[in-house]
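Right, one structure below, let's go through it.
The values are calculated or read from the model by the stated rules, or taken from the named source; none is laboratory data. As the structure is a computational prediction, the values presented were derived from the model and not from experiment. Note: ideal-geometry Cβ built from the backbone for every residue, glycine included; neighbour counts use all protein chains shown.
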Amino acid sequence: MNEQEKRSPGNFIRQIIDQDLLEGKNAGRVHTRFPPEPNGYLHIGHAKSICLNFGIARDYAGGLCNLRFDDTNPHKENVEYVEAIMDDVRWLGFDWGDRLFYASHYFERLHDFAVELIKAGMAYVCDLDAEEVRAYRGTLTEPGKESPYRSRTVEENLDLFGRMRAGEFEDGARVLRARIDMASPNMNMRDPTLYRIRHGVVHHQTGEAWCIYPMYDFTHPISDALEGITHSLCTLEFEDHRPLYDWVLDNISIDCHPQQIEFSRLNLQYTVMSKRKLTQLVDDGYVSDWDDPRMPTIAGLRRRGYTPESIVEFCDRIGITKADNSVEMGILEACIREDLDSTAPRAMAVLHPLKVVIKNFPEGELEELDAPNHPKDEAMGKRKLLFTREIYIDQADFREEAPRKYKRLVSGGEVRLRNAYVIRCDRVIKDAAGEIIELHCSYDPATLGANPEGRKVKGVVHWVSASHGVRAEVRLYDRLFRHPAPDQDKSVASFLEHLNPDCLHTLSHAMVEPSLADAVPGARFQFEREGYFCVDSKESSPDRLVFNRTVTLRDSWARIERQGG
RNA sequence: UGGGGCGUCGCCAAGCGGUAAGGCACAGGGUUUUGAUCCCUGCAUGCGCAGGUUCGAAUCCUGCCGCCCCAGCCA
């Protein structure tokens, strides 16, 4: 079947591209790129950028999007990240074809452009150390001072830069700087560093071939131009860098000049998005790894049970603008609920088992019942349920006395067992401590697929056969932080103080219906009346099933209860 | 306080001089063997504020106010 590809909604960047096309710019080409630094895992904020860049390539005729690793700072980068990033982009459903690039593969050409700048008197080798450079740079309100090395001759600069490359100088001894304007009101234009010396690091791509590494501001515009990028999309904090981006391309001999356009980065409530903080959560063990289901990483969301479609939909819904934003988790959750509601097969799982003995159902007897896998989509088929004398229901579905509006099982009351019979609670069994340990009930054999005669039974509860159910571990996740903007609160010493101590509840005695016994890692289900769950892709096995709760169902009862019933 | 940006409903976001889209959330109601889904209904006389231009302004002009980013040999 040839499905209609979905187009993303318009935004100001697409308007610019439309206009460019109208004016015949770039010979009608549209070419973007997604340029992550491989120094960590991708997060939902990157997904926004991926959807923007690859989405534009998808929606414009002849559009292309490159994947390029911005790997100019070997210190923090490694191949694990490179591979994880490629996995994540692919998983989201995007394809860079044969256009996989590394900024580091341009090192030789970058070097040649640097030499060109030196020869043109536009760059010089500076011997000031880091602290001196800072002091010379001036402040936001005062102009900087020119470096005493600023007027070195071209010959001297060429010689020194060559010796930097040859490894004659130690880390930090010298840098190559652009010669622009120390009095510029834009700090980025006050003779920015172009190259620094880094000995003793093995670059994941170039090994030990280089001991000088180009800076982002020098590398990025050239990499874009070399790849024929037409629109270089980045986040707002690079707005001040645009004059430098343009300066670099205006002062070297290169015939391509991409247009840099900035948009606001995603801020998602109740989590953090900075790579430094995510790295800290992993390194200090606050979460199990980058793919911990509580992490806002693509890998974490995937393991949590999010679908790529739901994340792409989320990115479409939040849009692209230049306004600072603080997006509610509710939007992300609505996206995954919408997707899973139509695609996830239903199943029953009892999270907090309470034994129910159906006294008028024969001991040892087994009744097979049919249950649809989806209430609306018959094509999803049906499965067998095993009804037995002893079953489990959830502790939350029984109360000795009913609060207002409560419509589940109460002493002496009736309730519908989902896909099965109506039962009545005849007796409540407690232990010495007064804890309810068992319910004695009776079922009405006339209520299978039919409403009982002469009375209305409002409640429906899910259940699992006690003898045939399968024990499983269920992990209930909640927001990682209890503060909507944990990294913005200046009143605490660290964002870690806002970590939510209840972000993970592990239930090791849950019981799931027998049909789930052979559920494969990653498989997603709706556990009826509970939420959407997936089989953990890392730790679940046939003899020890582990389910992750992706998201709860909307729960209007919880709201009623909260408001005092 | 220099420079660069941004302010439209609780959140996101259309709007581009012709009289405030949509989504999420929220509140009511209907259907329902998931308190789910689905379906109705409601939800900005007003677009940061104040002036001005215009027959007409969220859109243009002026002046304020507020928020974000920039002083890495990070990206």
Could you pull out the residue among A:ASP377, A:ASP339 that is loosely packed, with under 15 Cβ neighbours inside 10 Å and within 16 Å of RNA strand B (Cβ to nearest atom)? A:ASP377
Output the strands (runs of 3 or more DSSP E) that fall wholly within the range A:156-238 and possess 1 or more residues being modelled with pLDDT of 95 or more and over 21 Å from A:GLU132 (Cβ atoms), or say none. A:212-214, A:231-235
Under 9 Å between Cβ atoms, which residue pairs at least 6 apart in sequence (or on different chains) link something in the range A:392-414 that is under 19 Å from A:VAL464 (Cα atoms) and among the small types (Gly, Ala, Ser) with a partner that is surrounded by fewer than 18 Cβ atoms within 10 Å (Cβ to Cβ) and at pLDDT 95 or above? A:ALA396/A:HIS352
List the residue pairs whose Cβ atoms are under 7 Å apart, where the first residue sits in the range A:226-238 and is under 17 Å from A:LEU100 (Cα atoms), the second is outside any strand (DSSP E or B) and among the hydroxyl-bearing types (Ser, Thr, Tyr), and the two are 6 or more positions apart or on different chains. A:LEU226/A:TYR106
Flagged in the range A:506-565 as among the aliphatic types (A, V, I, L, M), surrounded by fewer than 14 Cβ atoms within 10 Å (Cβ to Cβ) and part of a loop (DSSP other than H, G, I, E, B), in numbering order, are A:VAL520
Only one of these conditions is not met by A:THR297: (1) of a type in the set (Val, Ile, Thr); (2) within 15 Å of RNA strand B (Cβ to nearest atom); (3) under 12 Å from A:HIS43 (Cβ atoms). Which number is it? (2)
Say we look at the range A:316-336 and pick out the residues that are in contact (Cβ under 8 Å) with a residue 40 or more places away in the chain and part of a helix (DSSP H, G or I); which of these is farthest from RNA strand B (Cβ to nearest atom)? A:ILE336
Selection within the range A:221-257 - in contact with a Leu (Cβ under 8 Å, 6 or more places away or on another chain), of a type in the set (A, V, I, L, M) and surrounded by fewer than 18 Cβ atoms within 10 Å (Cβ to Cβ): A:ILE254
Exactly one of (1) in contact with a strand residue (DSSP E or B) (Cβ under 9 Å, 6 or more places away or on another chain); (2) within 16 Å of RNA strand B (Cβ to nearest atom) is unmet by A:ASN500. Its number? (2)
In the range A:165-188, how many residues are near RNA strand B (Cβ under 9 Å from one of its atoms) and surrounded by fewer than 21 Cβ atoms within 10 Å (Cβ to Cβ)? 8
Among the residues that make up the range A:288-307, is at least one of them assigned to a loop (DSSP other than H, G, I, E, B), surrounded by fewer than 18 Cβ atoms within 10 Å (Cβ to Cβ) and modelled with pLDDT of 95 or more? yes
Just the residues that are away from RNA strand B (no atom under 13 Å from the Cβ) and either surrounded by fewer than 16 Cβ atoms within 10 Å (Cβ to Cβ) or closer than 30 Å to A:ASP489 by Cα (or both), please, taken from the range A:258-285. A:THR271, A:VAL272, A:LEU278, A:GLN280, A:LEU281, A:VAL282, A:ASP283, A:ASP284, A:GLY285
Answer yes or no as to whether A:ARG90 is closer than 21 Å to A:GLU309 by Cβ, without any contact (Cβ under 8 Å) to a residue 12 or more places away in the chain and more than 13 Å from RNA strand B (Cβ to nearest atom). yes
Pair list, Cβ under 6 Å, 6 or more apart: the range A:99-126 residue surrounded by 15 or more Cβ atoms within 10 Å (Cβ to Cβ), other residue of a type in the set (Asp, Glu): A:TYR102/A:ASP71; A:ALA103/A:ASP70; A:ALA103/A:ASP71; A:SER104/A:ASP71
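Condition check ((1) at positive phi; (2) aromatic (Phe, Trp, Tyr); (3) buried (at least 20 other Cβ atoms within 10 Å of the Cβ)) across all residues:
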{"position": "A:ASN11", "(1), (2), (3)": "no, no, no"}
{"position": "A:ILE16", "(1), (2), (3)": "no, no, no"}
{"position": "A:HIS31", "(1), (2), (3)": "no, no, yes"}
{"position": "A:TYR41", "(1), (2), (3)": "no, yes, yes"}
{"position": "A:ILE44", "(1), (2), (3)": "no, no, yes"}
{"position": "A:LEU52", "(1), (2), (3)": "no, no, yes"}
{"position": "A:GLY62", "(1), (2), (3)": "yes, no, no"}
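Quick grid of which residues meet (1) hydrophobic (A, V, I, L, M, F, W, C); (2) within 16 Å of RNA strand B (Cβ to nearest atom); (3) farther than 21 Å from A:LEU354 by Cα; (4) free of Cβ contacts under 8 Å to residues at least 24 places away in the same chain:
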| position | (1), (2), (3), (4) |
| --- | --- |
| A:SER491 | no, yes, yes, yes |
| A:VAL512 | yes, yes, no, no |
| A:PRO521 | no, no, yes, yes |
| A:GLY531 | no, yes, no, yes |
| A:SER537 | no, no, yes, no |
| A:ASP543 | no, no, yes, yes |
| A:VAL551 | yes, yes, yes, no |
Just to check your reading of the model, which residue among A:ARG165, A:ARG198 is charged (D, E, K, R) and either in contact with a helix residue (DSSP H, G or I) (Cβ under 6 Å, 6 or more places away or on another chain) or closer than 20 Å to A:LEU117 by Cα (or both)? A:ARG165
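Matching residues to (1) touching a His at 6+ places or on another chain (Cβ under 9 Å); (2) closer than 21 Å to A:GLY364 by Cβ; (3) surrounded by fewer than 16 Cβ atoms within 10 Å (Cβ to Cβ):
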site: A:GLU438; (1), (2), (3): no, yes, yes
site: A:SER442; (1), (2), (3): no, yes, no
site: A:PRO452; (1), (2), (3): no, no, yes
site: A:GLY459; (1), (2), (3): no, no, no
site: A:HIS468; (1), (2), (3): no, yes, no
site: A:GLU473; (1), (2), (3): yes, no, no
site: A:PHE481; (1), (2), (3): yes, no, no
How many residues does the range A:280-304 hold that are over 11 Å from the mean Cα position of the chain (by Cα) and over 19 Å from A:MET86 (Cα atoms)? 9
So, first residue in contact (Cβ under 8 Å) with a residue 12 or more places away in the chain in the range A:134-156, second residue aliphatic (A, V, I, L, M) and loosely packed, with under 15 Cβ neighbours inside 10 Å, Cβ within less than 6 Å, six or more apart or across chains; the pairs are A:PRO143/A:ALA183
Against the condition out of contact with any Leu (no Cβ under 9 Å at 6 or more places or on another chain), on the phi < 0 side of the Ramachandran plot and among the acidic types (Asp, Glu), how does A:ASP444 come out, does it pass? yes
